[in-house]
Amino acid sequence: MSLNSRLVKQWSQLSQRKQNLALQNQVQSIRSSSEDFPYTDCPKVSMILQFFNKRPNIKKLIERLRHSGAEEIIIIDDGSIDGSYEDWMQYLNRPNDFLLRCNDLFEVRTYDRAIRMAKGEFVCLLQDDDILPANNIWVEHRPARIMNYNL
């Protein structure tokens, strides 16, 4: 690899880091000023969504996740290259919203990482092509049914 190509590569990496840092700082300032949605240590339900290059689905997914009533949302971005990461950073603006960047790790490992991070009493695992119901009855009633289940 020539000196020029190495310098261009390093410049590109530094530029990308600078953009990511600016975006993270912007999101952090939004989160810290949000009093409508305080951070909770003990959410009832944590939603974990694995995501890869499905940028057109983001808006509908976040609307449905918000409407579900889940207090904690964890998005696993598996190295998307279509601009999804930046979009998620803008939508995940509540204190209990998290974005994990896991480039080319196996699905089991990424879910394991997110589950260990989740604070919810119940955890729901989702994929980017799952179609969430428009109402939140499934989130409200399922934990109650599990809690009342007798072995």
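Kindly state, to the nearest 0.05, the FRET efficiency for Asn20 paired with Ile137, given R0 = 41 Å and r defined as their beta-carbon distance.
FRET efficiency, Asn20 to Ile137: 0.60.
For the range 32-122, run through the GluC sites (Glu not before Pro) and keep only the ones in DSSP coil with at most 16 other Cβ atoms within 10 Å of their Cβ.
In loop regions of the range 32-122 (DSSP not H, G, I, E or B), the sparsely surrounded GluC sites (Glu not before Pro) are Glu35, Glu121.
Among the lysines, which have Cα under 30 Å from the Cα of Lys9 when same-chain residues fewer than 8 positions away are ignored?
Lys18, Lys54
Please give the contour-minus-distance gain from Gln127 to Gln10: 0.36 nm per residue of separation, less the Cα-Cα distance, rounded to one decimal in nm.
On the way: separation 117, 0.36 × 117 = 42.12 nm, distance 3.39 nm.
Stretched fully, the Gln127-Gln10 segment lengthens by 38.7 nm.
Let me spell out the model: positive unit charges on the Cβ of Lys and Arg, negative unit charges on the Cβ of Asp and Glu, origin at the Cα centre of the range 37-147. What dipole size does that give, in debye rounded to 20?
Rounded to the nearest 20 debye, it is 280 debye.
Quick note: the coordinates plus some simple rules give every number you see, no bench work behind them. In this text the structure is predicted, and so the values were computed from the model without any measurement. Ideal geometry is used to build each Cβ from the backbone, glycine not excepted, and the neighbour counts take in all protein chains shown.
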